[in-house]
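**Student:** A single structure is presented below for examination.
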Amino acid sequence: MNKHASLRNAADLEAAGLVSPLERLDIEEVARRYSVAITPAMTELIAGSPGEDPIAAQFVPSANELVCSPDELADPIGDEAFSPVKGIVHRYPDRVLLKPLHVCPVYCRFCFRREMVGPEGDSLTSGELDAALAYIAGNPAIFEVIITGGDPFALSPRRIGRIVKALSAIEHVGVIRFHTRVPVVAPERITAELVECLDSPKGMFVALHTNHVRELTPAAREACARMVQAGIAMVSQTVLLKGVNATADDLSALFRALLRLRVKPYYLHHGDLARGTGHFRTTIAEGQAVMRDLRGTLTGLGQPTYVLDIPGGHGKVPIGPGYLQANEQGYVVTDPRGGSHTYRG
């Protein structure tokens, strides 16, 4: 097998020693339902089975994905109901998602879109992209355009540049935000040409999706540095995942490493109700306990907002722990160590 090629099916995974011949039958069934791809950069980091290694858990399919609970959904956050034009999701008045493609370099095993993306995934034609851009131009309330997919950095720099140029020409658009896994999973794609195509007079942000500090290899750090040094603001998104990062120690290590790269931790997502992902999900109470621990030990710059995307398309809301409770004397305030204090105000 070419060690520089991505792993894309059960046979590839067995040949790479990531699944056994016995496990291969289950993996073939998983691959019939959900896309599979692991880039060389991530394959090199795998140091055990999905039950032992946080990198393997994110990218190597397992039989756990064949188990679906009744409350799990193919479209857990309700994108389809808010798509007025192909490639657009408009759930909030002042911002839209623009999804120019449904292809990713890797397919994360917990992703709520892994049933919608893949190598056969639908990408916007030139005419469809024009229609999506026209929708944005025709809606003056839209302030921010979030480019996602799929992974938009899987596009060629030429196509990325076309999108940036078109959005930059729309007067009411103030912020352009790309969401991507590429700087971590395929850092070689963050070339000088790609970075140059992100230049815009608008507020340009890149949201890096990363879940464990080991993903931030030297190559990944260099990829982020290229963008930051070009003046691109970076934030991060992380999914709270059992067996990957569901402790304060794991998240502190990740968020501190991101801050060193000048990447601001932005959101910590509670696991969506995507089909076959129950083995990853914590309870909300467990997530709140982790956030409480982080509040007492991690700089405020490293504190993301813990959020739940309410199933059915009802929006994203903060679900972090509370520290303030009203009583007859005023308030009881809980400090990061669990102590209670009266505040009259």
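**Student:** Could you list, in sequence order, all residues of the range 308-334 that are β-branched (Val, Ile, Thr), under 30 Å from Asp75 (Cα atoms) and surrounded by 15 or more Cβ atoms within 10 Å (Cβ to Cβ)?
**Tutor:** Once the filter is applied, which keeps residues that are β-branched (Val, Ile, Thr), under 30 Å from Asp75 (Cα atoms) and surrounded by 15 or more Cβ atoms within 10 Å (Cβ to Cβ), the range 308-334 yields only Ile319.
**Student:** Filter the range 243-271 down to the residues that are in a loop (DSSP other than H, G, I, E, B) and either modelled with pLDDT under 95 or among the β-branched types (Val, Ile, Thr) (or both), then identify the one that is nearest to Ala74 (Cα to Cα).
**Tutor:** Ranking the qualifying residues of the range 243-271, first place goes to Val244.
**Student:** Does Ala47 count as farther than 15 Å from Arg275 by Cα, buried (at least 21 other Cβ atoms within 10 Å of the Cβ) and without any contact (Cβ under 8 Å) to a residue 60 or more places away in the chain?
**Tutor:** The answer is no for Ala47.
**Student:** Tally up the residues in the range 162-213 that are among the hydroxyl-bearing types (Ser, Thr, Tyr) and either under 15 Å from Pro105 (Cβ atoms) or part of a strand (DSSP E or B) (or both), please. Spell out the reasoning first.
**Tutor:** From the range 162-213, those among the hydroxyl-bearing types (Ser, Thr, Tyr) are 168, 180, 191, 200, 210; that's our starting set.
Applying the additional criterion that residues be either under 15 Å from Pro105 (Cβ atoms) or part of a strand (DSSP E or B) (or both) yields 180, 191, 210.
The number of residues fulfilling the criteria is 3.
**Student:** Would you call Leu298 farther than 30 Å from Asp71 by Cα and either aliphatic (A, V, I, L, M) or at pLDDT 95 or above (or both)?
**Tutor:** Answer is yes for this residue.
**Student:** If you check every pair at least six apart or on different chains, which have Cβ atoms under 7 Å apart with a residue in the range 300-311 that is in a loop (DSSP other than H, G, I, E, B) first and a residue that is charged (D, E, K, R) second?
**Tutor:** What qualifies is Gln303/Arg295.
Matching residues to (1) farther than 30 Å from Ile46 by Cα; (2) in contact (Cβ under 8 Å) with a residue 24 or more places away in the chain:
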| residue | (1), (2) |
| --- | --- |
| Ser83 | yes, no |
| Arg91 | yes, yes |
| Arg95 | yes, yes |
| Pro100 | yes, yes |
| Tyr107 | no, yes |
| Pro140 | yes, yes |
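**Student:** Can you pull out the residues in the range 211-252 that are polar (S, T, N, Q) and more than 22 Å from Phe280 (Cβ to Cβ)?
**Tutor:** Scanning the range 211-252 gives Thr217, Gln229.
**Student:** Would you mind stating whether Ser35 is over 18 Å from the mean Cα position of the chain (by Cα) and among the hydroxyl-bearing types (Ser, Thr, Tyr)?
**Tutor:** Against the criterion (over 18 Å from the mean Cα position of the chain (by Cα) and among the hydroxyl-bearing types (Ser, Thr, Tyr)), Ser35 does not qualify.
The values are calculated or read from the model by the stated rules, or taken from the named source; none is laboratory data. What you see is a predicted model, and the numbers here were worked out from it, not measured in a lab. For neighbour counting, all protein chains shown are included, and Cβ atoms are generated from backbone atoms with ideal geometry for every residue, glycine included.
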